[in-house]
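One structure is given below, encoded as structure tokens.
The values are calculated or read from the model by the stated rules, or taken from the named source; none is laboratory data. The structure displayed is predicted, hence computed values, not measured ones. Ideal geometry is used to build each Cβ from the backbone, glycine not excepted, and the neighbour counts take in all protein chains shown. Note: accessible area is taken over every heavy atom of the protein model, side chains too, but ligands, DNA and RNA are not part of it. Shrake-Rupley method; radii C 1.70, N 1.55, O 1.52, S 1.80 Å.
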Amino acid sequence: MMIQAQQSANAASGGLESALVKTLRTVCEMQRESVAARHAHKRIGLVPTMGFLHEGHLSLVRLARARCDVVVVSLFVNPTQFGVGEDLAEYPCDFDRDSALCQAAHVDALFCPGVGDMYPGGYSTYVEERELSAVLCGVSRPGHFRGVATVVTKLFNIVQPDIAVFGQKDAQQYRVIQQLTADLNLPVELVLGPTFREADGLAMSSRNRYLSGGEREDALCLYHALQTAQAMWGAGARRAADLRTAMESVLEKVPSAQPEYLEIVDYATLRPVCHITGPTLVALAVRIGRTRLIDNVILPPDE
Ligand code: AMP
């Protein structure tokens, strides 16, 4: 009711969007807001997103909300992390919906900068993490993590958060951000939230919207493959090759699934392991039709 009233008021005043949550559209505005919050000794929590929010994003907002006085969600479809031929132009967006969801989740501010503000003409500085970025998604998406590292560093500098919350669904991204935060001595505490899933197990993702009915069904193979690995590990299997073979046979049963990678790697180094002992990331990227999906589980260390 409230939302509708606000939207009609905006429409009546000629506004195209509902100003439900305080929305900061420029780097300057956001910096002013952060400086004021810090002067008031408020703890700032940042949840960086590319928008088209779902429950997975909102679960991260709740983690930030529980730890901070001021929660900032950034909505920015960062062009530098998309490669040629990727889905930058089609990436879904719905500001009014995102704003309403953030309002309901008690977000204090939405930061939605323009591309020209983040990367003005003459922009020439990039942040590159070189080890963790070179494997898994970094192989098929060259330059992706350079874009991620650059935008996250910029967001940290602009928002000056005390904590920043990321999702396990993008576990490699989290490891890259952990590394750059340590290497560049960035004064921000990182928090990792668990992967939020649909009732049937599919990891929530803005890209799930690309899936047709049949593809949505087929997309479950990522979760099923991970569950298979987890069950084998739970039953005592420790040879990575055995888990891999079992996962591959789950994927093979789904003709529309084209695996891009399926890796069992050390969580710290992201390098393949033969024998599973320490914290281990089981990660896969699979194309279902034209949609590229990723998912993972983290196996804890043996006692
Ligand atoms: P994105 O908007 O897809 O760039 O994601 C923004 C943040 O939300 C990243 O830290 C993601 O890892 C996180 N995220 C995306 N999907 C999920 C999910 N299903 N569960 C938890 N976090 C997620």
Can you find a residue in the stretch 224-238 that is free of Cβ contacts under 8 Å to residues at least 60 places away in the same chain and at positive phi? yes
The stretch 84-99 residues that are farther than 16 Å from G147 by Cβ, paired with ones that are open to solvent by 80 Å² or more (accessible area, probe 1.4 Å) (beta carbon under 6 Å, 6 or more apart): P92/R209
In this structure, is E198 within 16 Å of the ligand (Cβ to nearest atom), farther than 25 Å from V286 by Cα and out of contact with any Lys or Arg (no Cβ under 6 Å at 6 or more places or on another chain)? no
Looking only at the stretch 208-221, count every residue that is closer than 21 Å to Q168 by Cα, more than 12 Å from the ligand (Cβ to nearest atom), part of a helix (DSSP H, G or I) and in contact (Cβ under 8 Å) with a residue 24 or more places away in the chain and tell me the total. 1
With the first residue restricted to the stretch 279-297 and required to be free of Cβ contacts under 8 Å to residues at least 60 places away in the same chain, and the second required to be of a type in the set (D, E), Cβ contacts under 9 Å at 6 or more apart or on different chains are P279/D266; T280/D266; V282/E263; R287/E260
Can you say whether T195 is of a type in the set (S, T, Y) and without any contact (Cβ under 8 Å) to a residue 12 or more places away in the chain, as far as the supplied structure shows? no
Out of the residues in the stretch 250-300 that are small (G, A, S) and open to solvent by less than 50 Å² (accessible area, probe 1.4 Å), which is nearest to Y174 (Cα to Cα)? A283
Name the helices (runs of 4 or more DSSP H) wholly within the stretch 1-100 that hold at least 2 residues that are modelled with pLDDT under 95 and either of a type in the set (S, T, N, Q) or within 20 Å of the chain's Cα centre (by Cα) (or both)? 2-12
Verdict on G116 being closer than 18 Å to F76 by Cα, modelled with pLDDT of 95 or more, in a helix (DSSP H, G or I) and within 13 Å of the ligand (Cβ to nearest atom): no
